[in-house]
Structures are given as structure tokens and as C-alpha cells.
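Q: Please read through the structure below; I'll follow up with questions.
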Amino acid sequence: MDPLIIFAILAVGLLFLMSSRTRKQQRKQQEFRHSLVPGDDVMTASGLFGTVVEVDDVSDIITLETEPGGAQTRWLRAAIAKRLEGEEYETGEDEETDDEQPVVDLAKDDQSAADDVTIPDDLSGLSKDTSSGDDAQQRDEDDKTK
């Protein structure tokens, strides 16, 4: 048997296996998205975490709430990437920790440093450096020589 024919048969077989795996994953994602119900914690493809509040099957729009009693946003059903379960999803409630550091008010330090700065009311305090010349005039002259 010709090696080219064997190679062609193997290539067709690999393409078939790869496409069937892709179709299987797409079907699984579609089933997941259609099984969403209010109360499910989900993550969108862009990384937004939220809880499903409303599912509109007609227009394929899912309404997500990012925090309890917070803003609600509308997403296409296809934008929902996965359902979050258990500890994978943080509700955003602060947990008390024993190793909390004291809060330092840096605004006081910045204010004292800002009080030391004096801003002149006119240009008399600026030095006049005439050695550098006018940069715009120098550029114009350089452009003419090119």
C-alpha cells in the first residue's frame, strides 16, 4: 500500500476525531448555558463574577447581579463561561483576620510636604538660560537643511 494513502487516511481520521471532540465540547457548553437558573453563581468570559437574577429565553439575555442588592447587568447567554460552586466563588464579604495592619493616614504626611512648596505668582523667579536657544527655531533650520 502506498505510504501517501496511509498518511491521507490517518489525516482524515485525526480531523474527524478533533472535530467530534470540538462538537462535544460545544454541545456541553450549550447545555450548561441553557440550564442556568436564577441564583446560580457564574463567571463571564471576560471575568465578571455575579449571580444570575433573571433568564430571558426568548432573547438569550442573562441578568447578573455583581453583589447582593448591587448593580444588575445584562449579558448574552454565550458570554457566560462557567458556573461557580463552593469556595470557588467569594461573595465579597470581608472576613475578619487576626493579622490586620493598622491604617496609616498618609494624607497628613503629604499635606505637610505640600505646605513647604512655594509657587511664584509670576515668572520673575525663573532663571533665564539663553545658551540653549529657541528649540523650535533650531528644528525649523534643521528641516530646511534636509
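Q: Let me understand the stretch 3-84 better: what is its radius of gyration from the alpha carbons, and its Dmax, in angstrom?
A: In order Rg, Dmax, the Cα atoms of the stretch 3-84 give 18.7, 67 Å.
Q: Follow-up. If you take every residue apart from V52 with its C-beta less than 12 Å away from the C-beta of V52, what net charge results, scoring Lys and Arg +1 and Asp and Glu -1?
A: Charge balance in the 12 Å sphere: -1.
Every read-out reported here was derived from the displayed coordinates using simple, explicitly stated rules and does not represent laboratory data. Just so it is clear, the structure is predicted and the values come from calculations on it, not from any experiment. Using ideal geometry, Cβ is built from the backbone for each residue, glycine included, and neighbour counts are taken over all protein chains shown.
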